[in-house]
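Step one of this worksheet: look at the structure below.
FYI, it's all coordinate maths here, none of it is from the lab. Source: prediction; values computed, not measured. Every residue, glycine among them, receives a Cβ derived from its backbone with ideal geometry; neighbour counts consider all protein chains shown.
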Amino acid sequence: MTRVRAVAERTLEVDVLANAPLWRGHEDLLTRALAAAAAEEGAAGSVSLLLGDDVSVAALNTQFRGKQGPTNVLSFPPVPGTAEPGFLGDIALAAETIVEQANFQGKRFEHHAAHLVVHGFLHLLGYDHEQPADAEKMEARERAILQSLGIEDPYA
């Protein structure tokens, strides 16, 4: 288990807990992706990032969403009135699921993971994709943030 505390762009503090070997060497890009998202959105505060495996994310998915099995990314905004000021929430990524999706989609693992961490961060800020218009807005933000990192359009 690796624990890293990174302060990015002086606007976002990221507390990283990596408990899966597949994440080694990818923490920096994911922290930079979160910093880029925070800068683009004008957000400041702190985020906890769990770089987990399928087992740990499946447990969270069952506990908090009532759904069986892993998913690529989970976002947990703080419960109002319970978090310290400036805490934006938690994001959890499932390594094996992301590897499988990246391979299937012909994408680089680290680029797909960066996309998903940005996606999760935008959920913490209130973005949603349930309605087509909301999905278009969220995807446009994701594209802009990822482009600032030199990552191709994930929806192309």
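A few remarks follow.
- The GNM of the chain, with springs linking C-alpha atoms under 10 angstrom apart, assigns the highest mean-square fluctuation among Gln63, Gln101, Gln131 to Gln131.
- Taking the Cα centre of segment 39-156 as origin and assigning +1 to Lys and Arg Cβ atoms and -1 to Asp and Glu Cβ atoms, the resulting dipole is close to 100 debye.
- A DSSP coil position with no more than 14 other Cβ atoms inside 10 Å describes the following chymotrypsin sites (Phe, Trp or Tyr not before Pro) in segment 77-156: Tyr155.
- Take every DSSP beta bridge whose two residues both sit in segment 2-148; close to 45 percent of them are antiparallel.
- For the chain, with +1 on Lys and Arg beta carbons and -1 on Asp and Glu, the positive-most of Ile145, Leu125, Gly86 along the dipole: Gly86
- Here the relative contact order of the chain, from alpha carbon pairs under 8 Å that lie six or more residues apart, stands at 21 percent.
- Options (1) 17.6; (2) 17.1; (3) 15.6 - which one matches Kirkwood radius over Cα pairs in Å as calculated here: (3)
- Ordering Gly69, Ala156, Val55 by the projection of their Cα atoms onto the charge dipole of the chain, which places +1 on the Cβ of Lys and Arg and -1 on the Cβ of Asp and Glu, puts Val55 at the extreme positive end.
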